[in-house]
Amino acid sequence: MAFLEQALNGLMMGSIYALFAVGMVLVFGVMRVLNFAHGVIFMAGGYMCHAVMTHVVAFYPLALLLSAAGGAVIGAVLERLVFRRLRESLPMQIVASLGLILMVQNGVLLLFGPEAVQISVPAMRTVVPLGPLGVTLQQVLIVVVVGVAMAGLHLFLTRSRLGTAMRAASQDLQAARVVGINPDRVFALTFALASGLAALGGALLGPLFLVFPAMGDLPLLKGLTAIVLGGMGSVGGAVLGGLAIGVLEAESTLLAPTDYRDLVVFAVLILVLLVRPYGLFGRRLRGEP
Amino acid sequence: MLSIRGLRAGYGGRMIVDGVDLDVAAGEVVTVIGQNGAGKSTLLKGIANLLRNREGAVTLDGENVFALSAQDLLGRGLAFIPQGRSVFPGLTVAENLRMGGFLLRDPVLLRQRIEAQLEAFPALAKLLGQLAANLSGGQQRQLELARTMVMQPKVIMLDEPSIGLAPQVVEQVFATLRTLAAGGRAVLMVEQNVRRALQASDRGIVLELGRARLQDKAAALLGDERVARLYMGKR
Ligand SMILES: Nc1ncnc2c1ncn2[C@@H]1O[C@H](COP(=O)(O)OP(=O)(O)OP(=O)(O)O)[C@@H](O)[C@H]1O
Ligand SMILES: [Mg+2]
């Protein structure tokens, strides 16, 4: 029973990691940009949700949508102003990411103060009886919303004209130009999409945990691990990697003290990489032989 | 149709193509030949407005090419197939063809255009669900051509279309280019396979150190003793 309960908990956290990791993989796959500031966009999502709930209308579904939309706008702006120029240089991407993290975190401190804020959605604390287990509506909502978002993303990438163009650009940028795809537009779209998903994640996790300036650090760490585990560049791998890590760390608390769960996760990561250096679903990248 | 006057083009201040004049008319196949590094690829990229560093004038039906973006150029009818493979390896044949018509926003028109290409390249019709990466070299080249033709360009530029292909497949590719020209399009290609390419061409241009050393009817170039010695000797 405890095993099942932890599996559900793990699935819930895992979907947050997956949502986060997918965005980073998309941006990396299409632009070859590693955006470590993805975590602060997640955090900004939490704050936007809080701001909408307290100042606009206390209707959580709307706040979720607006947070995601706000994240998308932030992403498009960051791409245009910062990352588009840094596509050739990983060191510069890291420096810019760190700068952005500082800026956004300080901006949040200025606007909301150092105290963590709480998104209060009483209805979401309702316990849903799931057989012998009790989970809150919020936990169910997280899994469902992430599931819908992932399914939508999958349909977008595989069925739509723009989604196919995104995949095309990630495979061969010169060929994409040749068929008339404007790379800059694809980059902006990719960044907006990824950031929207990250902000949605922050808005989803907000009511369970608190919203505070460093709340993006956890998904950043776990999301990166999910990406490496799933195989850099594989969207499906990032999703499964995120879910696997969520479940793994939740189950590990049954065997060892909670403090050891990261150790378990990283031990498994290292084992996987020893057997499969490109990750579970990894392929070589564009440009590599 | 395509007119080039005093084209100079290069990279970072170093001009590789150094004053080329060339016209390509509808219905014509023109081949650029030259040693490795002569600037053949740079010439095509310069014409396609892919280099920041270019001077001179290129016009497509009288319109200034340098004032148009890559997307606009394609919309106006100038297509370019770059050197090396340019299919999207992780997309299926059908998806590659659809991307060929990325600029066509009308799905019905796109479907019609793709169907027309599947008639022109029947081998592709059986491969629609395959990933492009799994096609043979010849099939990938066919896919590139079909994908390009979805936009029905007036001018098609190709950088070494025969490279890496078996001799019969090379003949097929050149035959396709002849068919395209017969349909009223202009074809400008760069080729190392000089003899075969000239046999399929109306005219040729010999590029040496970024300059057009010689421009003539393909038949004349094929009979030229110096061209034969320099560019066809080892074949
Ligand atoms: N992206 C680039 N940046 C700087 N120099 C370049 C670039 N591409 C080509 N060059 C230089 O331009 C010159 C001509 O290259 P280009 O590719 O046009 O030759 P080519 O005739 O197509 O040769 P090949 O037969 O090998 O394809 C070469 O000296 C090459 O080093
Ligand atoms: Mg070349």
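Readers should treat all values here as calculations from the given coordinates under stated rules, not as data from a laboratory. None of these values were measured; they are calculated from a predicted model. All Cβ positions, glycine included, derive from the backbone under ideal geometry; neighbour counts span all protein chains shown.
Annotations
- Yes/no for B:Asn36 being of a type in the set (S, T, N, Q) and within 16 Å of ligand 2 (Cβ to nearest atom): yes
- Within segment B:1-33, restricting attention to residues that are under 19 Å from B:Glu208 (Cβ atoms) and acidic (Asp, Glu), the residue that is farthest from ligand 2 (Cβ to nearest atom) is B:Asp21.
- Helices (runs of 4 or more DSSP H) fully within segment A:1-103 counting 2 or more residues that are hydroxyl-bearing (Ser, Thr, Tyr): A:2-31, A:60-81
- Hey, B:Leu51 near ligand 1 (Cβ under 10 Å from one of its atoms) and within 14 Å of another protein chain (Cβ to nearest Cβ) or not: yes
- Residues of segment A:148-175 satisfying the condition of being of a type in the set (S, T, N, Q) and more than 7 Å from every other protein chain (Cβ to nearest Cβ): A:Thr158, A:Ser160, A:Ser170
So that you can scan it fast, the table gives a plain yes or no per residue for (1) of a type in the set (Lys, Arg); (2) buried (at least 17 other Cβ atoms within 10 Å of the Cβ):
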| residue | (1), (2) |
| --- | --- |
| B:Gly13 | no, no |
| B:Val20 | no, yes |
| B:Leu44 | no, yes |
| B:Arg54 | yes, yes |
| B:Gly62 | no, no |
| B:Gln71 | no, no |
| B:Gly75 | no, no |
| B:Phe80 | no, yes |
| B:Arg85 | yes, yes |
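- Number of residues in segment A:241-258 that are more than 17 Å from A:Ala198 (Cα to Cα) and either part of a helix (DSSP H, G or I) or within 14 Å of the chain's Cα centre (by Cα) (or both) equals 12.
- The condition of being under 30 Å from A:Ala175 (Cα atoms) and not in a helix (DSSP H, G or I) holds for only one of A:Pro213, A:Pro207, A:Pro277, that being A:Pro277.
- Any hit, segment B:101-111, residues being in a strand (DSSP E or B), more than 8 Å from every other protein chain (Cβ to nearest Cβ) and of a type in the set (Val, Ile, Thr): no
- Scanning segment B:83-95 for residues that are in a helix (DSSP H, G or I) and more than 8 Å from chain A (Cβ to nearest Cβ) returns B:Val93, B:Ala94.
- Residue match in segment B:116-131 (condition: at the interface with chain A (Cβ under 10 Å from one of its Cβ atoms) and over 19 Å from B:Ala197 (Cα atoms)): no
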